[in-house]
Structures are given as C-alpha cells and as structure tokens.
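None of the figures in this text is laboratory data; all of them are computed from the coordinates on show. Bear in mind that the values here come from a model prediction, so they are computed numbers and not experimental data. Positions of Cβ are backbone-derived with ideal geometry, glycine not excepted, and every protein chain shown enters the neighbour counts.
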Amino acid sequence: MLTSKQRAFLRSLAVDEETILMVGKGGMSEQITKQADDALTARELIKGKVLETAGLTSREIAEQLALETNSEVVQVIGAKFVLFRRNPKEPKIELPKARKGKAK
C-alpha cells in the first residue's frame, strides 16, 4: 500500500512518462492486461489512456488492471491513469520511506 507521500512522488514522476497503454473499443482484454503486466515489469510506472469507445471509465479500467497485474493505481485524471508495481528483482524507482508515528 502506497502512502500519500509515495503516491505524490510517483505522480511527479508520471508527468514526464509517455502514455504507453491505450484501451479502446475492445475494452479490457487479455492482450491489454499482458501489455500492462510486461510494461510494469520493465518500467514499474506506466501511464495509460482510455478512449471514449472503451465502454468503461478510466477509473474502472485502472482498478481492473491494477487487480489483474497486482499493481497500484497512482492516479486517474480524465481519460488517463497511472499504475505502479515494484519490480523486486530490478527496482528502478526508489520510493520515499514511509514514516511511522508523527513527524516532529
């Protein structure tokens, strides 16, 4: 589970990311899930876009993909969404550490 600080950090990284996943009139498919899974393994952070013809909202698609790829939804804005999944073998993104207790 991501903290709000980690989520904000990932959102800042996502600004410069290219949109590499497009979900169109075919909606969710095994091919889309595999593409997202492969991209998450390679990059850890991916940006996707849901076209109007998809038949589902970008929130619904992002949450479904996150469930199927064991990733987390970082953000959903309009038609775009960002997913994150740490690659345990080759971590690429260093997340800010989660703090325990209150900061002084």
Show the residues, 5+ positions off or on another chain, whose built amide H is closer than 5 Å to the amide H of residue 74. 82, 83, 84
On a 0 to 90° scale, report how tilted helix 30-43 is relative to the longest principal axis of the chain, with both axes built from alpha carbons and the result rounded to the nearest 10. 30 degrees
Here the longest stretch of the chain that holds no GluC sites (Glu not before Pro) in a DSSP loop having at most 16 other beta carbon atoms within 10 Å is 19-93
In deg cm²/dmol, rounded to the nearest 500, the helical mean residue ellipticity at 222 nm of the chain, built from -39500 (n - 2.57) for every DSSP H run of length 4 or more, is -11000 deg cm²/dmol
If you add up the charges near residue 82, with Lys and Arg at +1 and Asp and Glu at -1, over every other residue whose beta carbon is less than 9 angstrom from its beta carbon, what do you get? +2
For the chain, the longest principal axis of the Cα atoms and the Cα long axis of helix 4-14 enclose an angle in degrees, to the nearest 10, of 50 degrees
Which value, in debye to the nearest 20, describes the size of the charge dipole of the chain about its Cα centre when Lys and Arg Cβ atoms bear +1, Asp and Glu Cβ atoms bear -1, and nothing else is charged? 800 debye
Between rounded, prolate and oblate, where does the chain land on the alpha carbon gyration tensor, with a ≥ b ≥ c its root eigenvalues, rounded for a/c under 1.5, else prolate if a/b exceeds b/c? prolate
Show me, for the stretch 83-90, the HN-Hα J-couplings you get by feeding each phi into the Karplus relation (A = 6.51, B = -1.76, C = 1.60, θ = phi - 60°), rounded to Hz, glycine and proline as x. 10, 9, 8, 5, 9, x, 7, 9
Cα Rg, Dmax (largest Cα-Cα span) when computed across the stretch 44-103, Å: 14.0, 47
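Based on DSSP, what percent of beta bridges with both residues in the chain are antiparallel, to the nearest 5?
70 percent
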Explain nothing, just the number: relative contact order of the chain, from Cα pairs under 8 Å at least 6 residues apart, as a whole percent. 31 percent
Projecting the Cα atoms of 75, 65, 36 onto the charge dipole of the stretch 4-84, where Lys and Arg contribute +1 and Asp and Glu -1 at Cβ, the residue farthest towards the positive end is 75
For the stretch 1-50, which trypsin sites (Lys or Arg not before Pro) are both in a DSSP coil and crowded by at most 11 other Cβ atoms within 10 Å? 25
